[in-house]
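Novice: Could you have a look at this structure, given as structure tokens, before my questions?
The values are calculated or read from the model by the stated rules, or taken from the named source; none is laboratory data. Please read these numbers as outputs of a predicted model, since none were measured by experiment. Cβ atoms come from the backbone with ideal geometry, glycine included; neighbour counts cover every protein chain shown. Surface accessibility is based on the protein's heavy atoms, side chains included, excluding ligands, DNA and RNA. Shrake-Rupley method; radii C 1.70, N 1.55, O 1.52, S 1.80 Å.
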Amino acid sequence: MSSITFLGTGPGSPVKGKFSSSCLLRAPSATVLVDAGEPCSLTLCNLGVRVSDLDAVLITHGHSDHTAGLPMLLQAAWLEKRLCPLPVFLPDELIEPLKAWLGAVFLPDKLLGFPLEFRPWNAGRSEEVAPGVEVEPFPTTHLDGLRRIIEPGASRRFKTFGLDVRCGGKRAVFSSDLGTPLDLDAALGAPCDVLVCELSHYEPEELFAFLRGREIGVLALNHFSPGLAGREQEIAEMAARELPGVGRVVAVRDGDVLEL
């Protein structure tokens, strides 16, 4: 049976008791890390999962709460003497900066001892990221506001991808960070077994209005904004009332495991 273990469920700002964004997807034939917020390597260690056993790492976008644990993760893989290649799927704009970052913290390719394979996402194109795990990335508008502030003319930067994942006969959609719930429209055009959805960049009511009528087995809410801290269970109960067509609603916490 496949499962998702929530290593970190916190938002972009530190929230007491929550680590940054990261999930472990265990499929029948592969183990995949979805985002690498800190301290994902420590959390994997606490779970008894060797970093060297990961089959792939999937990075949805460049914000630090989704990437800051990556160098430590790779350092752990080096010290564990990993030998097999590690594919890291990510927006193409991050590849060269991450290579420079790894060089700056003394983790160049020639030191690691295993091939580190950076593979850019292509929106709408499904690919097998690990044995038995198919992923189709879809773009979100999460970084559009920052593009307008930082570099209005940029057309190849400021990318964020949600992930439509199929494994073990199940389908899970990871929202990543959204600009609006409408970013999920294409991915939710068909039923899904699980929707892992953030609640940090819009009001809960906006999400619930969008999800009405969608066929979702489990709605797993995470990445709550700091302003919603302490209200997670209340909001999950509100969602269950507002969305009777959803099989189950949970507000996930660090360490929770969701069976697919």
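Novice: Given a cut-off of 17 Å, what percent of all Cα-Cα pairs of the stretch 1-100 lie beyond it?
Specialist: Values: 2361 of 4950 pairs.
The proportion of pairs with Cα distances above 17 Å equals 48 percent.
Novice: Ok, one more. Report the label-to-label distance for GLU127 and ASN46 in nanometres (one decimal), using points 7 Å from each Cα along the Cα→Cβ vector.
Specialist: Spacing of the two 7 Å Cα→Cβ label points: 3.3 nm.
Novice: At ALA186 and ILE150, where each label point lies 7 Å from the Cα along Cα→Cβ, what is the point-to-point distance in nanometres?
Specialist: Distance between the two pseudo-spin positions: 2.3 nm.
Novice: Exactly which trypsin sites (Lys or Arg not before Pro) in the stretch 166-260 are in a DSSP loop and have at most 16 other Cβ atoms within 10 Å?
Specialist: ARG212, ARG231, ARG253
Novice: Identify which of ALA100, ALA239, ALA130 has the largest mean-square fluctuation in a Gaussian network model of the chain, with springs joining Cα atoms closer than 10 Å.
Specialist: Most flexible of the set in this elastic network: ALA100.
Novice: Rounded to whole Å and ordered largest first, report the semi-axes of the equivalent ellipsoid of the stretch 54-135 derived from its Cα gyration tensor (root of 5λ).
Specialist: Output for the stretch 54-135: semi-axes of 21, 16, 11 Å.
Novice: Would you calculate a helix-derived [θ] at 222 nm for the chain, using -39,500 (n - 2.57) for each DSSP H run of n ≥ 4 and dividing by the full residue count, to the nearest 500?
Specialist: On the way: 8 runs with 61 residues, N = 260.
After summing the helix terms and dividing by the residues of the chain, the value is -6000 deg cm²/dmol.
Novice: Another question about this same structure. Would you mind listing how long the chain runs along its three principal axes, going by Cα atoms, in whole Å with the largest first?
Specialist: If we take the Cα atoms of the chain, the spans are 54, 46, 37 Å.
Novice: Here is a further query. Would you mind telling me the antiparallel percentage of the DSSP bridges in the chain, rounded to 5?
Specialist: So the antiparallel bridges in the chain amount to around 55 percent.
Novice: Please find the FRET efficiency linking ASP53 to SER13, where r is the Cβ-Cβ separation and R0 is fixed at 35 Å, and quote it to the nearest 0.05.
Specialist: 0.65
Novice: Roughly speaking, to the nearest percent, how much of the stretch 1-52's 1.4 Å accessible area is carbon and sulfur?
Specialist: C and S atoms contribute 54 percent here.
Novice: Suppose R0 equals 45 Å; then what is the FRET efficiency for GLU237 and GLU117 from their Cβ-Cβ distance, rounded to the nearest 0.05?
Specialist: 0.55
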